[in-house]
Amino acid sequence: MKHKRVKIQISGIVQGVGFRPFVFRLAREKRLKGYVCNTSQGVEIEVVGGKVEVERFIQEITTRKPPLARIVDFKVFSLPSLSYSDFTIRESISNSDRSVLISADIAVCDDCLRELFDKDDRRYLYPFINCTNCGPRYTIIKDIPYDREKTTMQPFTMCKPCAAEYHNPSDRRFHAQPNACPQCGPHLTLHNGEGLPLPCANPIQECINLLRQGKIVAIKGIGGFHLAVDATNNFAVALLRERKHREEKPFALMSYSLQEIERYAFITPAERIHLVSKERPIVLLKKKGDSEISPAVAPRSRHWGVMLPYTPLHYLITRGNFLALVMTSGNLKEEPIAIDNEEAIGRLKGIADYFLVHNRAIYLRSDDSVLKVVGDRPLMIRRSRGYVPVPLFLKREGKEVLACGGELKNTVCLTKGCFAFLSQHIGDLENLQTLDFFEYTINHLKKILEINPKI
C-alpha cells in the first residue's frame, strides 16, 4: 500500500468551533497518524497513511467540517515519509504572524437546551451550559490561539467529569474552552439595589418573582448587562423609561419562543429565519393590534424589536413565565453597556432595583445586533453580538487601514488582506466612557488580529 504524508494549513473561522476535535475524529476514522494544533494563523494538520485514505481525509475536511467553521484558505504540502505512533492534538503554536479569524458569540444549541431541561442531566438548569457548537467566544477571548488560559474562563479549573469530557474525542465538549458545570464553573448571585448580596437558594427563581412584581432587574449576559422588566406591566416599563431618561426610543423585547412572539407581532418566513439563527439578532417585526405588550415599549412605532433567548440563563428566566421581557442595554443614556459587576452596580444604581450577576468576566462588551428584513433580505441596523468579529470579504487585497467611523452610532473598521473587520457597536462619542471604549476596541482588534494600519 502506498503511503502519503502531508501538512495542511487552514485559515478562517477554525478556532473555538470544534475544528480540532473534528479533525481528530476524522483522522482516527481513516486510521491516519499525525497531529492537529491551533496556530496564530488557524489550524495546522500533519497526517501520514495510505494514499487513498489521506486524499479522502483532505476532501472530507471541507465537506464535513463543523457547522460553525468557515474555511478561507486551505493549503496542502507534500512531505517526506515519517512515522507517527498515533494521531494527537498538540499544544497550540503561537507566533508573531497572526491571521486567525475568531468566532462570534453563538446562541445556545439544541443539544445543550435538551440537557438544560433534562432532570437526569448533571447540568440540569445550569445557566452556563455550553459546548463546542455554542456559547461565548469573542466576548471572553483575551488573545489567540483560542485556548482556555487565554479566555476569562481561565480562573475556573475543570472538575474530573468536565475534564473527562474535555479530553474525550467522542464527546461534544472535547476541547470546548468554556466547558463547566455547577461544581466547577461560574455561578449566579442576586444583589439588591445597593449592590449587597441577597441570600437565596435559587437566584433565578427569585429574579423571576421580582420581575413579576414589576421590579427592574439588571441581568448580566454574554456581552454586557440588560435592564429587564415585564413587558406587559405598563407601570414597570414607564418607570424604566423615567429612570433611564429614555423618552421614546423603543425598547427591545425577548420572548421564550416564536409562539409567544406571534401573539403580539407578525412574522414572515424570512424574519423567522433570522429570529432562530445562531446569531440571534433583534429583528424588527410589524406590531399586531390589541396585544398585551405595554404601548410604552415602542411608542409611535409600527414595529417591535424582538429577539429569542440566546443564553441558557435567558431560557431559564423566560420559560413559561412571561409573554415578553423588555431587555434593553444596561447603561445610562448614550453610555457604553456595563460589563463588570462592580461597574454595573455603580452605574446602574438608581435604575435597577436588583442585580442578577455572575462571576465569569466579560472581556469585551458587545450589544445585541439589530436588523430589519426588507424584500426577504436582511438590512443590518446594528452589527454587533453574534456577527462580530467575523469579517466582511473584500474583492481584492489592500493596505492595512483603520477607519474610525463617525461621531454618532460609531463603529470602527480594520482591514487586513482581503478582510474588513467591523467592530461591535460602540455608540455616540459624546462622553469619556464611550471614547475609552472606542480606543480599547481599536487596540484589542489590532492586538488579536495583528493589524498595524498604514492609513
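Read-outs: derived from the displayed coordinates by stated rules, not from any lab. From a predicted model like this one, the values you see are computed outputs, not experimental measurements. Neighbour counts are summed over all protein chains in view; Cβ atoms, including those assigned to glycine, are modelled from backbone coordinates with ideal geometry.
Axis angle, to the nearest 10 degrees, between helix 432-449 and the longest C-alpha principal axis of the chain: 10 degrees. Using the Karplus relation 6.51 cos²θ - 1.76 cosθ + 1.60 with θ = phi - 60°, the per-residue 3J(HN,Hα) values for segment 271-288 come to 5, 4, 4, 6, 4, 9, 5, 5, 7, 6, x, 6, 10, 6, 10, 5, 5, 9 Hz, with x marking Gly and Pro.
In this simple spin-label model, placing a label point 7 Å from the Cα along the Cα-to-Cβ direction at both residue 431 and residue 248 gives a separation of 2.2 nm.
For residue 233, nonlocal amide neighbours, meaning residues 5 or more places apart or on other chains whose placed amide H falls under 5 Å from its own, are 294. For residue 349, the aspartates and glutamates whose Cα falls under 15 Å of its own Cα, not counting residues fewer than eight places away in the same chain, are 194, 242, 335, 340. Each 5 Å bin from 0 upward holds the following percent of the Cα-Cα pairs of segment 192-358: 1, 9, 20, 22, 22, 15, 7, 3, 1, 0. Counting every pair of alpha carbons in segment 391-455, the share spaced more than 18 Å apart comes to 34 percent.
For the chain, taking Cα atoms only, Rg and Dmax work out to 23.0, 77 Å respectively. Take every pair of alpha-carbon atoms less than 8 Å apart whose residues are at least six positions apart; their mean separation over the length of the chain yields a relative contact order of 15 percent. Each residue in 19, 128 was given a count of other beta-carbon atoms within 10 angstrom of its own, and listing them fewest first yields 128, 19.
Computed from phi, the 3J(HN,Hα) profile of segment 72-77 under the Karplus parametrisation 6.51, -1.76, 1.60 (θ = phi - 60°) reads 9, 9, 9, 10, 10, 10 Hz, with x in place of Gly and Pro. Stretching residue 73 away from residue 454 to a fully extended chain increases their span by 134.7 nm, per 0.36 nm per residue minus the current alpha-carbon distance.
Can you tell me the equivalent ellipsoid semi-axes for segment 3-101? Use √(5λ) from the Cα gyration tensor, largest first, whole Å.
For segment 3-101, the semi-axes come out at 20, 15, 12 Å.
With R₀ fixed at 56 Å, the C-beta to C-beta distance from residue 81 to residue 374 puts the FRET efficiency at about 0.45. Take 411-418, 383-390, 158-165 and order them by the average number of nearby Cβ atoms within 10 Å per residue, most first; the result is 383-390, 411-418, 158-165.
What FRET efficiency comes out for the pair residue 25/residue 418, r = Cβ-Cβ distance, R0 = 30 Å, nearest 0.05? Between residue 25 and residue 418 the formula returns 0.45.
Here the 3J(HN,Hα) profile of segment 38-51, calculated from phi with Karplus coefficients 6.51, -1.76 and 1.60 at θ = phi - 60°, is 6, 10, 6, 9, x, 9, 10, 10, 10, 9, 9, x, x, 4 Hz, Gly and Pro shown as x.
So who's got an amide H within less than 5 Å of the one on residue 221, skipping anything under 5 residues away but keeping other chains? H placed 1.01 Å off N, in plane. Those lying under 5 Å, H to H, from residue 221 are 226. Distance from the C-alpha centroid of segment 363-399 to that of segment 24-59: 33 Å, rounded to the whole angstrom. Axis angle, to the nearest 10 degrees, between helix 234-244 and the longest C-alpha principal axis of the chain: 70 degrees.
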